1. If Thr121 passes every condition in (1) away from the ligand (no atom under 13 Å from the Cβ); (2) out of contact with any strand residue (DSSP E or B) (no Cβ under 9 Å at 6 or more places or on another chain) but one, which one does it miss?
2. Just one of Arg187, Arg130 is of a type in the set (Lys, Arg), touching a Lys or Arg at 6+ places or on another chain (Cβ under 7 Å) and assigned to a strand (DSSP E or B); which is it?
3. Condition first: within 12 Å of the ligand (Cβ to nearest atom), farther than 23 Å from Glu206 by Cβ and at pLDDT 95 or above. Can you find one or more residues in region 103-112 that meet it?
4. Would you mind telling me which numbered condition in (1) touching a Phe, Trp or Tyr at 6+ places or on another chain (Cβ under 9 Å); (2) within 13 Å of the ligand (Cβ to nearest atom); (3) not basic (Lys, Arg) Met86 fails?
5. Got at least one residue in region 58-72 being buried (at least 18 other Cβ atoms within 10 Å of the Cβ), under 26 Å from Lys129 (Cα atoms), in contact (Cβ under 8 Å) with a residue 12 or more places away in the chain and more than 14 Å from the chain's Cα centre (by Cα)?
6. Tell me, please, whether a residue that is touching a strand residue (DSSP E or B) at 6+ places or on another chain (Cβ under 6 Å), within 20 Å of Lys125 (Cβ to Cβ) and not assigned by TED's automatic domain parsing to the domain that holds Leu83 can be found in region 185-194.
7. Out of region 5-49, which residues are charged (D, E, K, R), without any contact (Cβ under 8 Å) to a residue 60 or more places away in the chain, closer than 25 Å to Lys90 by Cβ and part of a loop (DSSP other than H, G, I, E, B)?
8. Considering only region 133-184, how many residues are surrounded by 18 or more Cβ atoms within 10 Å (Cβ to Cβ), small (Gly, Ala, Ser) and assigned to a strand (DSSP E or B)?
Amino acid sequence: MRLDKFICESTELTRSMAKKALHRSDVTCDGVVVKDSGFKVTDNTVVRLEGQVISLVGERYIMMHKPVDTICSTIDEVYPSVLSLMDIEKADTLHIAGRLDADTTGLVLITSDGQWSHKITSPKKDCGKRYLVELAEPISEQLVSVFAQGIELRNEDGLTKPAVLSIIDNHNARLTISEGKYHQVKRMFAAVGNKVVTLHRECVGEIELDPDLAPGEWRHLTQAEINSIA
Ligand code: URA
């Protein structure tokens, strides 16, 4: 790629601003000042602008700790979109891989990579999502096998895919599901006469919500986390 194009795509500079930076000797390639806009940059070239390494914005992969009263939409509606909590460049290229309700908290994955998010959301890919659920009524041990067999949701044909319920105490449990039907967890518990009081997503596939992230905070995923979605 030409050096001036590389600078434009990896910074907010326009082509003419990039040319001026080159003329001012503000740009080095592998430690050597380069003034030629047409200089060819390869994948291995280390480009610095005013001493700072710059690189192309490739696909982006982010986790956020979603707070209550935010929505997993790309635009603000009654509540603000989780994307509006992020001070990040080119937010319009990002989307949310698997939505949570406004009152649900926890792990939200945000990316620019449509193929990657498809692996999370497609029921065929069997990517488990684990939720911590607080319930209004006591939970019976029998529910473990009921959810493992699959249950019929109101206004839906067929059964839910096998889900793993692990009871913590009378009113709290963990539930892992591998589909993302509308309000699925709430509807599963409603179908057995219970009511979800609070819902928090802890995990998607092998990606766990980072305990260092307070509600509203986010960080880029590590390469291992990105690769774990297969
Ligand atoms: N199931 C629900 O009912 N709500 C969510 O936000 C996620 C899963």
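The values are calculated or read from the model by the stated rules, or taken from the named source; none is laboratory data. Please read all numbers here as calculations on a predicted model, not as lab measurements. Positions of Cβ are backbone-derived with ideal geometry, glycine not excepted, and every protein chain shown enters the neighbour counts.
1. Failed condition: (1).
2. None of the others qualify; the one that does is Arg130.
3. Scanning region 103-112, I find at least one residue that is within 12 Å of the ligand (Cβ to nearest atom), farther than 23 Å from Glu206 by Cβ and at pLDDT 95 or above, so the answer is yes.
4. Going through (1) touching a Phe, Trp or Tyr at 6+ places or on another chain (Cβ under 9 Å); (2) within 13 Å of the ligand (Cβ to nearest atom); (3) not basic (Lys, Arg) one by one, Met86 breaks only (2).
5. So far as region 58-72 goes, yes, one or more of its residues are buried (at least 18 other Cβ atoms within 10 Å of the Cβ), under 26 Å from Lys129 (Cα atoms), in contact (Cβ under 8 Å) with a residue 12 or more places away in the chain and more than 14 Å from the chain's Cα centre (by Cα).
6. Yes.
7. Asp26, Asp43
8. Count: 1.
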